[in-house]
Structures are given as C-alpha cells and as structure tokens.
1. Give the residues of segment 92-109 that are exposed (fewer than 10 other Cβ atoms within 10 Å of the Cβ) and under 15 Å from residue 70 (Cβ atoms), sorted by residue number.
2. Of all residues in segment 24-54, how many are more than 30 Å from residue 73 (Cα to Cα), surrounded by 12 or more Cβ atoms within 10 Å (Cβ to Cβ) and modelled with pLDDT of 75 or more?
3. For segment 59-109, how many residues meet the condition of being in a loop (DSSP other than H, G, I, E, B), modelled with pLDDT under 95 and at negative phi?
4. Please go through (1) surrounded by 12 or more Cβ atoms within 10 Å (Cβ to Cβ); (2) in a loop (DSSP other than H, G, I, E, B); (3) at negative phi; (4) modelled with pLDDT under 95 for residue 2 and return the number of the only condition it doesn't satisfy.
C-alpha cells in the first residue's frame, strides 16, 4: 500500500481510486439520551457521505440512527456497546469473561 497522507485512504483503508462499493457514515449530534434498565442509552444519527476525497453528506441516503449503550461495573469499569445489526449487549460471550468480583452498577441520567 502506498501512503497517501489522507486519513480516508491511509487510516480507514478505503480504496484510493474510490471505485469500490465502500461508504463512510458520519456521526451527528445525539438526538436522545435516556436511562434504560441501569444503562445510559444515547441515540446517534449517522449520515452516509459521498464517495469522494472530501467528506460531504449524501443527501439521497436517509439518516440512520443507532444506540450507544454505556454500562458501569465495579470496580471502576465503563463498558460501551453499539451495533448496526440489531445485536444486543450480553454479559456472557466467547470474548468477554467477568471476574466474580465484577458487579454491575446502575447508572443514572
């Protein structure tokens, strides 16, 4: 890979020719913040960007909103979770194991 000194190609690994079907979605100001079952849930709208070197919104694509979930555990642990495919945050999976002394703490907004 030849360095271009442009973040879209070098850091985000987009095709420098812009010929591949790749899309960058830019996050905008949150539209809602709420407390849900001890978590803080932030709803963030995303807007697809035009496939070009300088970012600009693709106004033909509708905005899509997704939730960022913030969960706290003791001692002093903050966990962030988001998905664009409908997955849910779970306490047990193959990649995450909790020590017995780690306990969930409810957050308040």
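The values are calculated or read from the model by the stated rules, or taken from the named source; none is laboratory data. Since the model is a prediction, treat every value here as computed from it, not as a measurement. Here Cβ is always computed from backbone atoms with ideal geometry, including for glycine, and neighbour counts include all displayed protein chains.
1. 108
2. Going residue by residue through segment 24-54, those that are more than 30 Å from residue 73 (Cα to Cα) are 24-25, 47-54.
In the following step, the residues that additionally are surrounded by 12 or more Cβ atoms within 10 Å (Cβ to Cβ) were identified as 24-25, 47-51, 53.
Filter once more, so that each one left must be modelled with pLDDT of 75 or more: 24-25, 47-51.
The number of residues fulfilling the criteria is 7.
3. Initial filter on segment 59-109 (in a loop (DSSP other than H, G, I, E, B)): 59-63, 75-76, 83-92, 94-95, 97-102, 106-109.
Retained after the next criterion (residues that are modelled with pLDDT under 95): 75-76, 83-92, 94-95, 97-102, 108-109.
Narrowing further to those that are at negative phi: 75, 83-85, 87-92, 94-95, 97-102, 108-109.
Residues flagged as in a loop (DSSP other than H, G, I, E, B), modelled with pLDDT under 95 and at negative phi within segment 59-109 amount to 20.
4. The single condition residue 2 does not satisfy is (1).
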